[in-house]
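What follows is one structure encoded as structure tokens, with my remarks underneath.
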Amino acid sequence: MKKISELKKDSKAVIASINGDSRFVSRITSIGLTPGCSISIIKNEKRRPLLVYSRDTMIALDRNYCTVLYFGRIASCVCRISYRCFDLVIWRAC
């Protein structure tokens, strides 16, 4: 798995795992960044916060936080299928 900070501008990915102490995991999940969550990289400049877009919210992440957020695959398309009592989300990888 690769770190979120390794993604380039305008790329999309799905968060695979979050590492860190319980306080950090609690803080990062409370703003909506959870495993399985799709993100878009808005801005990724060296020595600046990483600007991501997820769940209709723009989030600035400190570079230190980006070292413990990992993505598993890059998403190019999201298809949501609703059928009675469940939602099926299909990620098509690039």
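Structural remarks
- First in the stretch 16-38 and at positive phi and surrounded by 14 or more Cβ atoms within 10 Å (Cβ to Cβ), second anywhere and among the aromatic types (Phe, Trp, Tyr) and in a helix (DSSP H, G or I), Cβ under 9 Å, 6 or more apart: GLY20/TYR65
- Note on the stretch 60-94: residues that are modelled with pLDDT of 65 or more and more than 18 Å from SER17 (Cβ to Cβ) total 3.
- Selected residue (criterion: modelled with the lowest pLDDT) from residues of the stretch 1-15 that are open to solvent by 70 Å² or more (accessible area, probe 1.4 Å) and not basic (Lys, Arg): MET1
- Among the residues of the stretch 39-75, none is identified as on the phi > 0 side of the Ramachandran plot and polar (S, T, N, Q).
- Per this entry, ILE28 is not counted among residues that are within 10 Å of the chain's Cα centre (by Cα) and closer than 14 Å to TYR65 by Cα.
- Looking only at the stretch 39-52, and only at residues there that are surrounded by 15 or more Cβ atoms within 10 Å (Cβ to Cβ) and touching a residue at least 12 places away in the same chain (Cβ under 8 Å), the one that is nearest to ALA16 (Cα to Cα): ILE39
The values are calculated or read from the model by the stated rules, or taken from the named source; none is laboratory data. Because the structure is predicted, anything quoted here is derived from the model rather than measured. Counting neighbours? That spans all protein chains shown, and the Cβs are built from the backbone with ideal geometry, glycine included. Surface areas here come from the heavy atoms of the whole protein model, side chains and all, with no ligands, DNA or RNA. Shrake-Rupley method; radii C 1.70, N 1.55, O 1.52, S 1.80 Å.
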